[in-house]
1. Name the pairs whose Cβ atoms lie under 7 Å apart, with the first residue in region 1-23 and under 16 Å from V52 (Cβ atoms), the second open to solvent by 100 Å² or more (accessible area, probe 1.4 Å) and not in a loop (DSSP other than H, G, I, E, B), and 6 or more positions between them or separate chains?
2. Within region 15-44, which residues are open to solvent by 80 Å² or more (accessible area, probe 1.4 Å), farther than 12 Å from V81 by Cα and polar (S, T, N, Q)?
3. Which of (1) in contact with a strand residue (DSSP E or B) (Cβ under 6 Å, 6 or more places away or on another chain); (2) not in a loop (DSSP other than H, G, I, E, B) does E41 not meet, given it meets every other one?
4. What number of residues in region 47-91 are open to solvent by less than 20 Å² (accessible area, probe 1.4 Å), in a helix (DSSP H, G or I) and modelled with pLDDT of 95 or more?
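The values are calculated or read from the model by the stated rules, or taken from the named source; none is laboratory data. Just so it is clear, the structure is predicted and the values come from calculations on it, not from any experiment. Cβ coordinates were reconstructed from backbone atoms using ideal geometry, including for glycine residues, and neighbour counts include every protein chain displayed. We work out accessible area using only protein heavy atoms, side chains counted, and drop any ligands, DNA or RNA first. Shrake-Rupley method; radii C 1.70, N 1.55, O 1.52, S 1.80 Å.
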Amino acid sequence: MPKKNESPYVSHVFVCTNDRGGERKSCADNNSQLIKSKLKEAVNEKGWKGKVRISTSGCMGLCAKGSNVMIYPQKVWFSEVSTDDVDEIVSTIEHIMANH
């Protein structure tokens, strides 16, 4: 039987890195790996490690609107994300952390 636990993170950020190899649009088409790397850097710089987790996600079902970034448990979903949008996402996380 699995053990049910509470998440140790204030926020868990999922970045879709699904790559369909050009067959159909996917989040990887918008440089989602770089978006994930930049978010991880920001979390480390802000001292949020252990409180905010940046994770790779598979397909979230909205590939046509990719790249997709989701923040839980706050239910924040960013779509059509590019590397230029990382600061806005970090600002959203900052707001979450300030109100935690």
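1. So the pair list comes out as Y9/R53; H12/R53; V13/R53.
2. Across region 15-44, the qualifying residue is only N44.
3. So the condition that E41 fails would be (1).
4. Going through region 47-91 one residue at a time, the tally reaches 3.
To keep it simple, each residue is scored yes or no on (1) small (G, A, S); (2) in contact with a strand residue (DSSP E or B) (Cβ under 6 Å, 6 or more places away or on another chain).
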| residue | (1), (2) |
| --- | --- |
| K49 | no, no |
| I54 | no, yes |
| A64 | yes, no |
| M70 | no, yes |
| F78 | no, yes |
| D87 | no, no |
| V90 | no, no |
| A98 | yes, no |
